[in-house]
1. How far is helix 249-259 tilted off the main Cα axis of the chain, in degrees rounded to 10, range 0 to 90?
2. Suppose all protein chains stay in the model; what accessible area per residue would a 1.4 Å probe give for the chain, in Å²?
3. Show which lysines lie in cross-link reach of Lys252 when reach means a straight Cα distance below 20 angstrom and same-chain residues fewer than eight apart are skipped.
4. Roughly how many Å is it from the Cα centre of the stretch 165-232 to that of the stretch 45-118, as a whole number?
5. In degrees, nearest 10, range 0 to 90: what is the angle between the Cα axis of helix 42-53 and the longest Cα principal axis of the chain?
6. Non-local amide H neighbours of Gln59 (under 5 Å, H modeled in plane, Pro and chain starts lacking H): which ones?
7. Determine the alpha carbon to alpha carbon distance for each of Lys61/Lys97; Lys93/Lys211; Lys97/Lys211; Lys118/Lys253 and list only those over 31 Å.
8. Would you please give the FRET efficiency between Ser248 and Asp90, computed as 1/(1 + (r/R0)^6) with r the Cβ-Cβ distance and R0 = 35 Å, to the nearest 0.05?
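The values are calculated or read from the model by the stated rules, or taken from the named source; none is laboratory data. Source: prediction; values computed, not measured. Here the Cβ positions follow ideal geometry from the backbone for every residue, glycine too, while neighbour counts run over all protein chains shown. Surface areas here come from the heavy atoms of the whole protein model, side chains and all, with no ligands, DNA or RNA. Shrake-Rupley method; radii C 1.70, N 1.55, O 1.52, S 1.80 Å.
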Amino acid sequence: MSRKFTSRKLSLLLAASLTLFAAVAQAADKLVIAATPVPHAEILEFLKPTLAKEGVDLQVKVFTDYVQPAAQTNEKQVDGNFFLHQPYLDEFKKSHKNDIEVPVTKVHVEPFAAYSQKYKKTADIPDGATIAIPNDPSNSGRALLLLARNGLIKLKDASNISATQKDITDNPKKLKFRELEAATLPRVLNQVDVALINTNYAIEARLNPVKDSLFIEDANSPYANLLVARQDNKDSPAIKKLAAALNSPAVKKFIEEKYKGAVVPAF
């Protein structure tokens, strides 16, 4: 009886230990990624079942601005983020004393576009028109480059992604610029002549960049959206599994079918 009892007790202890070990292992594979709602959080939500099968508990923390996802990654409140492009990351790292965030993989391009509720063609934009552009340095430069490519202004260097209004060398229509937080641009579209809006915010506002824009970036844009991690976790198994899933044929098909050209795979 004593031996049977001891054996049974050991078996129970072993089972409890294995259960505890499994729980710890599962907790270690929890991955919290900060993202903006569209398309980033939608893509991540699509991947949740796939990653669960690979032992990764993906949790998506949604933000509606461009500062908090990067800031919380920097402060280690989340494991990474999925919303920004390389020029934005470079500017953020300069202004926030952040040297720990690193790109893991490119996922997609959201072609930046100009919209108007008043005009149907670029040629119709009048002299003195008010143009609203994002106020963060990387996206304001992106807006100016797009305006230059469409002949509305000229810049000192038409390839300088950090261009500012001081770099405008010719403004034949005497356009006036309003720099506003990127998330607010769809809401002021009826108050300005033209607004240059990031595609994630355009889609949320039910604007189709392909059909509704005056002009739009092409697929060769240098602004591919990235999965970003930190130096201390960029090589973790969970991050690697997420990166592989984001560059999978399934995600490519999801992007192409759901966004119909408003979002373009970058892999």
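1. Taking the Cα atoms of the chain, the angle to 249-259 is about 40 degrees.
2. Values: 13630 Å² over 267 residues.
Using a 1.4 Å probe on heavy atoms only, each residue of the chain averages 51 Å².
3. List returned: Lys48, Lys53, Lys106, Lys240, Lys241, Lys260.
4. About 18 Å separates the Cα centre of the stretch 165-232 from the one of the stretch 45-118.
5. Result, in degrees: 20.
6. The answer is Leu31, Val32, Ile33.
7. Lys93/Lys211; Lys97/Lys211; Lys118/Lys253
8. Details: r = 27 Å, r/R0 = 0.78.
Computed FRET efficiency for Ser248 and Asp90: 0.80.
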